[in-house]
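Structure first, commentary second.
The values are calculated or read from the model by the stated rules, or taken from the named source; none is laboratory data. Quick caveat, the model's predicted, so the values are computed rather than measured. A quick note on method: Cβ atoms are made from the backbone with ideal geometry, for glycine too, and the neighbour counts reach across all protein chains shown.
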Amino acid sequence: MTSQMIRELKYQKMKKFLRGRHGTMIDILLWLLWVNNVVDVPSVKSVKLIKDTIQRLCGIRSIPYEGALGHRYYVNSLPDIIQQEMMNPRVRPLLHFYPEDTGVELNEARQAKCWLEELDPELLTPVVRLHNQDFFVFEPALLLSGQACIPFQWFICGGKMCTKAWSLQPVTRELDCGWVVEDFHSFEVSEDDLLVSFRNWDSSEATSGLPRAYSIYGVEHELNGKLQPWTLTNPSEGNQWCVRASGARVYAMPLWLYCDDTSGNLSKKWNKHNSFLFTAAGLPRAEVHQEYNVHFLCTLNLAPPLEMLDGIVDQLEESWKQGIWAWDCVHEEYVLVIPSILALLVDNPMQSEMACHIGSMGKYFCRICKVKGHDATYTTDAPPKSTRKRAKETMEEMATRVKQFVKIGEPRHKDETIAELKSMFIHASTVRNQTQIKQRKTSTGIKDTFLDSFLNRLAESYCKIRGGNKAKQEALDRVKETLPENVISPVWRIKVLLGFVKYLWRDVVSVRIGKDKLKRELLETRLSSVDVSGLGLSHLAGHTLVQYAGSLVGRDFRAIAQVAPFVLHDLVPTECYDTWVALSNLIPLIWQPEIENSMEHLRNLTTSINNFLACTARSTPRWFNKPKFHVLLHVVDHIRRFGPAALFATEAFESFNAVIRAKSIHSNHRTPSRDIAHSFAHGSRICHILSGARILMHDNDTNDIHSDSPELIQASNPSSDKPPDAINVKVVGKGPLSLVQQPNIITDYLGLDTHADTKKYGHNFRTCKSMVLFNGDVCKIGDWVLIADGTAEQSPIVACIREIIQRQGLDADNLLRPDAILLERGSVGEPAASYSMPAVRAHGGFLLYPVEQILCAANLQHQCRVHKCTSLASDVEFVYEEQAKTSKAKAVIHHIGDPDDLVLNTARMQDAKHMQGLRVPIQPQDMNLAILEGAAREIWTRNDTTGGASTTSIIAAAHGPRAQGRQVNRSLQQHQSVLQVQ
């Protein structure tokens, strides 16, 4: 039989095989092995049996829920995922469980106010093991000084464990000695000062003569001297987690919980899937957003997010009651883990839904504070009727509205919101109150979409019943009895960003420049010609950024924000250009991932935000109908509470939407919630095994490996009252682990890639064209960098790379690093007023530095605005298509004047912390004056009828700032009374 006949026979067998098996993925993979003459190919039944066995040993359960709104959905078990994380040697050593108080440094979530102070102490750090003793919160402890206290909040300070504690004083009540807490007056205690814990109190010689540890009478009120009962623990048993742990370690694990909607279709037809994901908040910043560390919980294209959140909260509440038993691969023992939600990360519309807020289009448009929107100047809360034409704002009304917009209003509180929602339900329990409920939503800005489903059900219960109120009330009461116990949003059961570039860029292209062909072409040329070295960008497609300004994505706006001051000069009015300069100054501060001095940084950030809002108001107050401009005021507090904004950014979760979409597309679309949950559970098993994580083998596991049971789940219940029985800890064999020992398609898919061995060179010294810095920046000869001068107090040195020197075969840490860099030092001069950035000039002084001292790449730009650089007809470059040079040419910017007259681009977002000492200080602006100037300009352009020009064309006219300024001053003189408006 010839080889062609053999191949044909195999092909026919394959078609028959796939027809009989309906072409499942397992069948296809097994056929590929068989047709390539792989021996010992298992059967489909054997593969499924192995899959079920692995699921039982280290898998994740998909738990079905019947939603309160009538939808069925599946949630992957949160306790099972946390068990996997604790057994994973790639993740567990990186997890932080204790908050850290550094005083000024703010790099991680555990150093921020929310984790450090605001979380429930029992969810924050319930216990610390010191001196071979367990010190639990809310339990008495004895200090070396002989003083007794009650620790209530543990944290790391100066590398040592510390606690805030309340003082205990011994007293005698009715011939019995005990303790009294001194009105919750707190003081700090270091680990070196702790002597005896609650458990060792009665057996320690140090406590002889002292009252018993559990004899706590209560809290003595400072004013009237009366005792309040002690309710934080049971004095005879101590902390509840101490009882449940039975001597095991107890860890608190805060989580970032994320929710978003994505389409489950590959086509343009929208198939909305609401999904919940999470990642451990205790991971380092560099790890927290890796796809490897993002975990899937649930998704469905029918149930609203709050209905699915109900099932997730059920799992959380169960974990808070019992804890989660997990094998700790660091201590090689069982530990008790208590999960909690540090924050919910969602986009703006979803944040309003989660916060039970009416939305950004409501009168009270802010979900954080009670600031009013456009109709704040009306004397009544009732909005103008739609049939009437709204009167145009006067200058006084406009100024008052904008001043309220740029201030933080009275903050919203959880208790107030819950009370209002319960009040709405009480009103809905009586007939004919629907209009009143709608008015309350409008007047308070509170709207719960979860509660609305039940309110609508109550309203529909009697709308078709004929008769008096008594019959309708009886029908309503019957429906009310069928409602679940919890009718308000499940988010309240949990113990618990920027679109400015988009708005302003569309305004520049569509309004300021508009249909001016010459300006559009010049803007495109400048964008394509701007130097992007040091920005982490390959190039900018000027035509795309201008032509498709309304369809750009996040990475486009990030690029625009870093180069806008160098391309928009003389194309837009001065006020608009100043706004862009202020925005470019602000964005690096917001997204700075590492904050060395939090107090100074937040102070500078506040100044930059106010400067940006003042410039925006001076340009035009029309932007202050966009809620995002107000939400910007809350960013400072968000960073203070949760850490650098990069920690709670949602880009990593949003990119995960592509994975969810792929799972949806490759499912049978009959039970999407279950199938997608099972698919992610399967991926978690593979990832768990290939990561070298621990696998727990119990006594009965060996006998059940070859069981045919179709329902196999984990042998141990992670939320049981006590730790599981004795186990054997196993690790997957060398065969599977060899798949991830070197970079390949598997390690790339799992996010486990490490740097490959690099090629070694010989023969003495050689010069290189480019190099990779330790922070990942790629630099070539002629690029500028920042260098550490050896002292933390001084600003880094700005220098230009002139030569990269590499010795023979130097290969440290598997990375080819140059031996030395020849640099020409640059001198930082006076600030360039045109850009509010420092001027830099190379002065001919050469330095030789090791690569370790180079902090990061820098981006410098020619001062084109000063030298009036333009595009000449002779200055063109040829266009490349399909990597081939064509005869087509495009214009480029011709730099005239001094080519070394440069400016340091401090709008660079990467490594912004190194730029702090080089930034030009911002001079605070008078916000009231800026608002008045903007309002006067708006009134003048509205009333101007000379020549019949439209408002937008007048504002966008870049050639007439002086005439416009004279009219603004005239309007200001006519409205001097407005200066008194606060």
In this structure, does Arg674 turn out to be at pLDDT 75 or above, in contact with a Cys (Cβ under 7 Å, 6 or more places away or on another chain) and surrounded by 14 or more Cβ atoms within 10 Å (Cβ to Cβ)?
-> no
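Of the residues Glu830, Glu824, which single one is at pLDDT below 90 and in the same structural domain as Ala857 (by TED's automatic domain parsing)?
Details: Glu824 fails: at pLDDT below 90.
Every option except Glu830 fails the conditions.
So, of the residues in segment 864-886 that are in a loop (DSSP other than H, G, I, E, B) and out of contact with any strand residue (DSSP E or B) (no Cβ under 7 Å at 6 or more places or on another chain), which turns out to be nearest to Gly897 (Cα to Cα)?
Taking segment 864-886 first, the residues in a loop (DSSP other than H, G, I, E, B) are 868-869, 871-875, 882-883.
Subset that is out of contact with any strand residue (DSSP E or B) (no Cβ under 7 Å at 6 or more places or on another chain): 868, 873-874, 882-883.
Values: Lys868: 9, Ala873: 18, Ser874: 17, Glu882: 36, Gln883: 34 Å.
Result: Lys868.
Being over 30 Å from Glu66 (Cα atoms), crowded, with 20+ Cβ neighbours inside 10 Å and either in contact with a strand residue (DSSP E or B) (Cβ under 9 Å, 6 or more places away or on another chain) or aliphatic (A, V, I, L, M) (or both) narrows it down to one residue among Val491, Val508; which is it?
Working: Val491 fails: over 30 Å from Glu66 (Cα atoms).
Going through Val491, Val508 in turn, the sole match is Val508.
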Based on what the data block shows, is Leu527 over 30 Å from Ala652 (Cβ atoms), buried (at least 19 other Cβ atoms within 10 Å of the Cβ), out of contact with any Pro (no Cβ under 7 Å at 6 or more places or on another chain) and modelled with pLDDT of 90 or more?
-> no
Subset tally (residues that are at pLDDT below 85 and not hydroxyl-bearing (Ser, Thr, Tyr)) for segment 244-268 | 6
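Regarding Glu287, is this residue assigned to a helix (DSSP H, G or I) and farther than 15 Å from Asp80 by Cα? Explain how you work it out, then say what you get.
Details: assigned to a helix (DSSP H, G or I): yes; farther than 15 Å from Asp80 by Cα: yes.
Against the criterion (assigned to a helix (DSSP H, G or I) and farther than 15 Å from Asp80 by Cα), Glu287 qualifies.
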In segment 331-355, which residues are out of contact with any Pro (no Cβ under 6 Å at 6 or more places or on another chain) and of a type in the set (A, V, I, L, M)?
-> Val335, Leu336, Val337, Ile338, Ile341, Ala343, Leu344, Leu345, Val346, Met350, Met354, Ala355
Considering only segment 334-353, how many residues are at pLDDT 90 or above and of a type outside the set (A, V, I, L, M, F, W, C)?
-> 3
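Of all residues being part of a helix (DSSP H, G or I) and of a type in the set (S, T, N, Q) in segment 611-626, which is surrounded by the most Cβ atoms within 10 Å (Cβ to Cβ)? Just the residue, please. Before the answer, list the steps.
Filtering segment 611-626 down to residues part of a helix (DSSP H, G or I) leaves 611-619, 621-625.
Filter once more, keeping what is of a type in the set (S, T, N, Q): 611, 616, 619, 625.
On the way: Asn611: 24, Thr616: 30, Ser619: 27, Asn625: 14.
Checked segment 611-626; the qualifying residue surrounded by the most Cβ atoms within 10 Å (Cβ to Cβ) is Thr616.
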Condition broken by Glu139, with the remaining ones in (1) farther than 16 Å from Val337 by Cα; (2) in contact with an Asp or Glu (Cβ under 9 Å, 6 or more places away or on another chain) satisfied | (2)
Identify all residues within segment 627-658 that are touching a His at 6+ places or on another chain (Cβ under 9 Å), buried (at least 21 other Cβ atoms within 10 Å of the Cβ) and assigned to a helix (DSSP H, G or I); write none if there are none.
-> Ile639, Phe653
The lone condition Asp120 fails out of (1) closer than 18 Å to Ile324 by Cβ; (2) crowded, with 17+ Cβ neighbours inside 10 Å is (2)
Identify the single condition in (1) surrounded by fewer than 20 Cβ atoms within 10 Å (Cβ to Cβ); (2) within 16 Å of the chain's Cα centre (by Cα) that Asn271 does not satisfy, given that it satisfies every other one.
-> (2)
Go through (1) within 33 Å of the chain's Cα centre (by Cα); (2) under 20 Å from Thr102 (Cβ atoms) one by one and return the number of the condition Phe152 breaks.
-> (2)
In segment 892-915, which residues are at pLDDT 85 or above and outside any loop (DSSP other than H, G, I, E, B)?
-> Leu902, Val903, Leu904, Ala912, Lys913, His914, Met915
Within segment 404-458, residues being at positive phi and buried (at least 21 other Cβ atoms within 10 Å of the Cβ) number 1
Considering only residues of segment 196-229 that are of a type in the set (A, V, I, L, M, F, W, C) and surrounded by 18 or more Cβ atoms within 10 Å (Cβ to Cβ), which is modelled with the lowest pLDDT?
-> Ala213
Identify all residues within segment 548-568 that are farther than 17 Å from Gln910 by Cβ and modelled with pLDDT under 90; write none if there are none.
-> Tyr548, Ala549, Gly550, Ser551, Leu552, Val553
From the list Lys268, Lys272, Lys321, Lys363, pick out the single residue that is touching a Gly at 6+ places or on another chain (Cβ under 6 Å) and of a type in the set (Lys, Arg).
-> Lys363
What single numbered condition from (1) crowded, with 18+ Cβ neighbours inside 10 Å; (2) modelled with pLDDT of 90 or more; (3) part of a helix (DSSP H, G or I) fails to hold for Trp325?
-> (3)
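Go through segment 190-207 and report how many residues are part of a helix (DSSP H, G or I) and within 25 Å of Asp101 (Cβ to Cβ).
Kept after step one, since they are part of a helix (DSSP H, G or I), are these residues of segment 190-207: 191-193, 205-207.
Still in the running and within 25 Å of Asp101 (Cβ to Cβ): 191-193.
Counting residues in segment 190-207 that are part of a helix (DSSP H, G or I) and within 25 Å of Asp101 (Cβ to Cβ) gives 3.
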